[in-house]
1. Can B:ALA291 be described as surrounded by 24 or more Cβ atoms within 10 Å (Cβ to Cβ), farther than 30 Å from B:ALA202 by Cα and modelled with pLDDT of 95 or more?
2. Within the stretch B:77-107, how many residues are of a type in the set (Lys, Arg) and at the interface with chain A (Cβ under 8 Å from one of its Cβ atoms)?
3. Taking A:ALA322, is it surrounded by fewer than 20 Cβ atoms within 10 Å (Cβ to Cβ), outside any loop (DSSP other than H, G, I, E, B) and small (Gly, Ala, Ser)?
4. In this structure, does B:GLY233 turn out to be outside any strand (DSSP E or B), open to solvent by less than 20 Å² (accessible area, probe 1.4 Å) and more than 14 Å from chain A (Cβ to nearest Cβ)?
5. Starting from the stretch A:133-151, keep only residues that are at positive phi, then list their pairs with residues that are outside any helix (DSSP H, G or I) and among the hydrophobic types (A, V, I, L, M, F, W, C) whose Cβ atoms are within a distance under 9 Å, requiring at least 6 positions of separation or different chains.
6. Return the only residue of A:GLY328, A:GLY285 being surrounded by fewer than 17 Cβ atoms within 10 Å (Cβ to Cβ) and of a type outside the set (Phe, Trp, Tyr).
7. Can you name the strands (runs of 3 or more DSSP E) wholly within the stretch A:164-223 that have at least 2 residues being under 27 Å from A:GLY81 (Cβ atoms) and open to solvent by less than 20 Å² (accessible area, probe 1.4 Å)?
8. Name the one entry in B:ASN136, B:ASN114 that is within 14 Å of another protein chain (Cβ to nearest Cβ) and of a type in the set (S, T, N, Q).
2 protein chains.
Amino acid sequence: MSAHDIVIATEGDLRAAVPLDMAAVEVTERAFRALTQPGVEMPPILSMHMADAGNGAGGEMDVKTAYLPGFDGFALKISTGFFGNAALGLPSLSGMITVLSAQTGRVQAALLDNGYLTDLRTAAAGAVAARALAPNRVEVITILGTGLQARLQARAALMVRPGARVLVWGRNPNKAAACAADIAAATGARAEAATIPAAAVAAAQLVITTTPSRAPILIADWLTPGTHVTAMGSDAPGKQELDPACLARADLYVPDRASQCATLGELRAALEAGTVTGTDWPELGQVLEGAARGRTAPDQITLCDLTGTGAQDTAIASHALAALRINGAGYTIPA
Amino acid sequence: MSAHDIVIATEGDLRAAVPLDMAAVEVTERAFRALTQPGVEMPPILSMHMADAGNGAGGEMDVKTAYLPGFDGFALKISTGFFGNAALGLPSLSGMITVLSAQTGRVQAALLDNGYLTDLRTAAAGAVAARALAPNRVEVITILGTGLQARLQARAALMVRPGARVLVWGRNPNKAAACAADIAAATGARAEAATIPAAAVAAAQLVITTTPSRAPILIADWLTPGTHVTAMGSDAPGKQELDPACLARADLYVPDRASQCATLGELRAALEAGTVTGTDWPELGQVLEGAARGRTAPDQITLCDLTGTGAQDTAIASHALAALRINGAGYTIPA
């Protein structure tokens with residue numbers, strides 16, 4: 001392979017070459033750690049809302065990137081959401097990741113993943129947060145939400161807290177039951193639908209919220225000592241899964257990126273509600289690096305706010321490119 | 001070709017399929033016109049400076065995009081500049097354009113052009129500006145600068161003002177002579193190097209500045225009635241080709257995008273120098289659409305400030321994709 005060859009991979013290539021496994025978790029953790037290092041660059045997300053697009057149904061594009069010292073490449077990710085796609089029999093979400101050389105700036109790969117790598121790195125970040133912040137002993141993992149991330153987050157959490165039982169709550173009991181069945185089939189864990197979210201949260205030592213909600217679905221009073229909550233659903237202004245009182249009730253609040261969570265994450269609503277003030281919070285990478293304190297006692301309540309970072313995209317894309325090269329997968333184009 | 005096929009094209013494919021011709025000029029003009037329409041979206045450029053990249057020599061990435069109503073797709077362009085590449089025998093500038101469907105948001109094409117399409121659309125914009133604003137009768141075209149854009153801008157200008165003689169000035173007389181020889185060979189026009197820039201500018205009815213200069217290379221006093229100037233070199237804070245007095249001396253100043261020129265174009269230095277005030281200037285698209293007045297007399301001095309827009313990228317990428325499909329060029333990947 002010459003220095004200028006470019007790897008092209010489809011969603012199918014990537015699904016085959018890059019599973020949700022501990023290697024994906026480790027490279028994601030490396031990204032969070034790298035975010036604390038000098039020389040890192042992670043510009044604000046470029047967002048474009050296209051009211052006229054999608055035959056008038058509207059469309060959105062988000063572009064994320066990050067340069068992480070120590071990685072051979074840096075990624076630029078395009079994510080689109082087009083709301084008229086369902087009527088065409090297509091998924092609403094799509095996108096791709098371009099990998100560029102950190103040495104030359106030249107394109108190394110076009111990963112035509114349609115959002116698969118985002119799903120993967122988002123789940124992997126849940127595992128990183130749980131490993132760092134959840135109590136060592138987790139008997140019950142409660143998932144709020146019944147979509148793809150509910151399934152992937154449960155799988156990822158079980159990788160770092162194996163042996164736990166999984167409870168799944170969603171507004172639609174049938175979807176919750178189907179999600180629990182899928183999790184059980186994929187992991188071998190005991191998994192069942194829960195009907196009362198307060199009880200399911202109170203029973204858990206690890207709670208993961210995975211919805212696109214715009215109003216609280218997890219109430220602070222439900223939280224019991226010795227619980228870690230990862231809220232990964234909010235990634236845009238207006239989204240919110242947690243009662244703003246959760247942040248005040250937690251012994252430790254950890255954003256993936258404080259500046260980003262203040263506008264896109266649970267921190268936004270809490271700041272607006274006045275339950276907390278300021279944006280000077282220990283970030284996940286600082287906790288991982290030991291530069292900030294994490295959980296210090298089993299009975300603490302900890303809370304991690306994941307909005308999704310360009311750093312994760314750079315990490316998972318670098319990992320995917322390495323896997324493709326090892327497997328000789330995808331297309332290689334002399335360019 | 002199914003709805004989900006993705007076209008992959010290399011620089012070679014694109015050079016073969018998409019020449020600098022009137023079709024490229026027309027689609028670029030369409031982009032400027034579209035910029036005046038409701039529903040257009042062109043977010044600020046995403047820029048990332050990586051001090052540690054390129055083995056410590058530093059690297060930069062700019063990302064541009066625009067959604068233009070009436071175009072089937074929208075483009076996202078990555079441009080990189082890595083300053084240690086010369087030592088590796090590679091060009092400093094690189095990049096690619098992704099084309100996404102305006103109907104579904106799905107990726108339609110990855111154009112691995114290494115900056116070729118940017119060169120093309122930049123030259124095409126010069127032709128659009130000259131056709132709209134230069135006097136009808138142009139006997140002398142003067143080019144300041146001796147690089148690739150000097151050559152391309154001369155070719156583009158001759159497409160809309162044929163029959164003119166070309167003068168090329170640069171700080172290095174040998175490079176100016178080589179550039180003039182290349183222009184003559186490519187176009188059949190009479191082209192020669194000029195030694196005194198003041199005289200070359202005074203002799204011309206169309207002046208195009210094409211340098212990465214950070215200090216004025218064109219002085220206002222050199223301008224004579226009946227001249228149009230296109231300044232296309234400045235595209236970043238700190239770059240400047242025109243004496244700030246040029247903007248005040250001109251009867252008409254036309255930015256490609258006023259908000260962008262105020263930070264990246266000649267307008268920035270003029271605002272800082274106080275020779276003009278405000279950012280409410282008629283944009284090129286408004287002049288083309290007849291929504292703002294252009295040149296109204298042959299003896300006026302007009303000035304067009306081109307910083308480069310995501311709209312041009314969307315236009316040239318759409319044009320390139322159509323050309324690739326007609327020619328069956330590039331690779332088509334089912335994705």
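The values are calculated or read from the model by the stated rules, or taken from the named source; none is laboratory data. Not measured: the values here are computed from a predicted model. Cβ: placed from backbone, ideal geometry, glycine included. Neighbour counts: every protein chain shown. These area figures cover heavy atoms from the full protein model, side chains too; ligands, DNA and RNA do not enter into them. Shrake-Rupley method; radii C 1.70, N 1.55, O 1.52, S 1.80 Å.
1. For B:ALA291, the condition - surrounded by 24 or more Cβ atoms within 10 Å (Cβ to Cβ), farther than 30 Å from B:ALA202 by Cα and modelled with pLDDT of 95 or more - is not met.
2. Result for the stretch B:77-107: 1.
3. In short, yes.
4. yes
5. Pairs that qualify, where the first residue is at positive phi and the partner is outside any helix (DSSP H, G or I) and among the hydrophobic types (A, V, I, L, M, F, W, C), are A:GLY145/A:VAL168; A:GLY145/A:TRP169; A:GLY145/A:ILE208; A:GLY145/A:ILE217.
6. Being surrounded by fewer than 17 Cβ atoms within 10 Å (Cβ to Cβ) and of a type outside the set (Phe, Trp, Tyr) holds for just one of A:GLY328, A:GLY285, which is A:GLY328.
7. A:206-209
8. When all the criteria are applied, what remains is B:ASN114.
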